[in-house]
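Below: one structure, written as structure tokens.
The values are calculated or read from the model by the stated rules, or taken from the named source; none is laboratory data. Just so we're clear, the structure is a prediction, and the values are computed from it rather than from any experiment. Cβ sites come from the backbone with ideal geometry, for glycine too, and all protein chains shown count toward neighbours. Areas reflect the complete protein model, heavy atoms only, side chains present, ligands, DNA and RNA absent. Shrake-Rupley method; radii C 1.70, N 1.55, O 1.52, S 1.80 Å.
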Amino acid sequence: MKYLIFAISALGACTPMAPLPEPAGPCAVTEAMRARYIGVKFRMTMREEVRRDANARIARILRPNDAATMDFRADRLDILLDDGGQVEGLRCG
């Protein structure tokens, strides 16, 4: 009987957490974010983490000589990479 109670209580501890709310903007890049990401080799797995840190709804990756629209979007984060694939800058818009 005590094993059954233990098993039931252990299963109750494994309930999934509610998902984090989706960022809606406006985007905000802090000095702490710059210190954390600039100079780091970019991996696509980082995209969501950086986007959430900036509270941006959209993140786009821009490499040297990439074409990009010039429209301003307060909910968009630009992740700027250098030729070697390292994060060179972060900006909103």
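Can you sort C92, C27 by solvent-accessible area, 1.4 Å probe, largest first?
Highest to lowest solvent-accessible surface, that is C92, C27.
Using a 10 Å cut-off on Cβ atoms, rank the peptides 52-59, 41-48 from the highest mean neighbour count down.
For the peptides 52-59, 41-48, the packing ranking is 52-59, 41-48.
Taking the alpha carbon gyration tensor of segment 36-93, what are the square roots of 5 times its eigenvalues, largest first, to the nearest whole Å?
17, 15, 8
By how many nm would the segment from R43 to A24 grow when fully extended, if each residue of separation counts as 0.36 nm and the alpha-carbon distance is taken off?
Once the chain is fully extended between R43 and A24, it gains 4.5 nm.
Can you tally the net charge around A56? Count Lys and Arg as +1, Asp and Glu as -1, for every other residue whose Cβ sits under 13 Å from the Cβ of A56.
Value of the local net charge: +2.
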